[in-house]
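Have a look at the structure below before the remarks.
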Amino acid sequence: MDVFLVPVAADRYELYCEEPDEPPPHDAEPPRGFVRRLVHRFRELLAEAERERRHGAAERETPQRFSARVRARIMRYVAESIAEQRLLWQLRGRTEAALLYPDDLTEAHAREILRRQLNRDFERHRFWLAVDGVGLVASGALMLLPGPNLVAYYFAFRIVGHFLSVRGARQGLVAVTWGAHASTPLSALRGMVGIPPDVRADRVHEVATTLRLEHLTAFFQRTAIP
């Protein structure tokens with residue numbers, strides 16, 4: 001598993017990775033138990049959101065009904081969440097990973113940034129796990145209303161996502177053996193931070209192509225701050 005330390009500001013970095021999509025679940029029957037069914041549905045939603053992220057641009061060229069447009073927007077929102085948390089979810093089952101960092105940093109500094117980022121993510125997702133847990137309990141009052149309790153499902157899905165992120169961050173901190181490799185293309189991104197997004201787009205795309213990262217351009221354009 002390759003993890004990239006991407007410079008997105010003068011002294012700020014974001015961790016980024018692109019791993020092959022996890023195959024969607026193909027269980028003949030949904031698992032028993034509320035939690036297992038929730039995780040099962042969560043994985044189905046992730047697979048659907050990934051399809052939207054990869055193929056949605058072509059599909060959006062075709063006129064859609066209002067309900068289809070709303071669903072597509074929801075899928076794009078979930079896809080953005082996947083892009084932000086994919087690294088942590090992928091780390092859950094790993095024991096080895098490679099950190100690629102800009103070659104104008106020392107390896108020791110890059111490893112320090114990695115650990116700081118994982119600690120930050122661990123604390124942030126643990127905080128929101130607790131907050132959404134309270135929200136899930138409070139949403140139980142809506143069970144008295146007719147129809148599905150969409151608020152409860154919203155909090156339940158968020159809890160699953162934050163729980164997986166907490167586990168991944170902890171795995172990266174205590175169990176993963178990290179290799180480290182300097183990368184010249186990543187250093188080139190640092191000089192593009194202050195350039196307007198529309199001007200730098202082609203140059204960022206060249207770096208992404210060199211690194212063989214399909215979605216790095218969109219990630220950098222969204223996160224880089226002058």
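Every read-out reported here was derived from the displayed coordinates using simple, explicitly stated rules and does not represent laboratory data. Because the structure is predicted, anything quoted here is derived from the model rather than measured. We place every Cβ from the backbone using ideal geometry, glycine too, and count neighbours over all the protein chains shown.
At a glance:
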read-out: Fraction in percent of alpha-carbon pairs per bin - 5 Å, the range 174-224; value: 4, 19, 30, 19, 10, 9, 6, 2, 0
read-out: Gyration tensor (Cα) of the range 114-226, equivalent ellipsoid semi-axes in angstrom; value: 38, 20, 12
read-out: Label-to-label distance, nm, for residues given as T184 and T106 (7 Å Cα→Cβ offset); value: 2.3 nm
read-out: Separation in nanometres of the label points that stand 7 Å from Cα toward Cβ, at R120 and A9; value: 0.8 nm
read-out: Mean Cβ neighbour count within 10 Å, used as a protection proxy, ranking 197-204, 87-94 highest first; value: 87-94, 197-204
read-out: Inter-label distance for A138 and H215, nm, one decimal - labels placed 7 Å from Cα along Cα-to-Cβ; value: 3.1 nm
read-out: Extension gain from F127 to V199, taking 0.36 nm per residue of separation minus the Cα-Cα distance; value: 22.1 nm
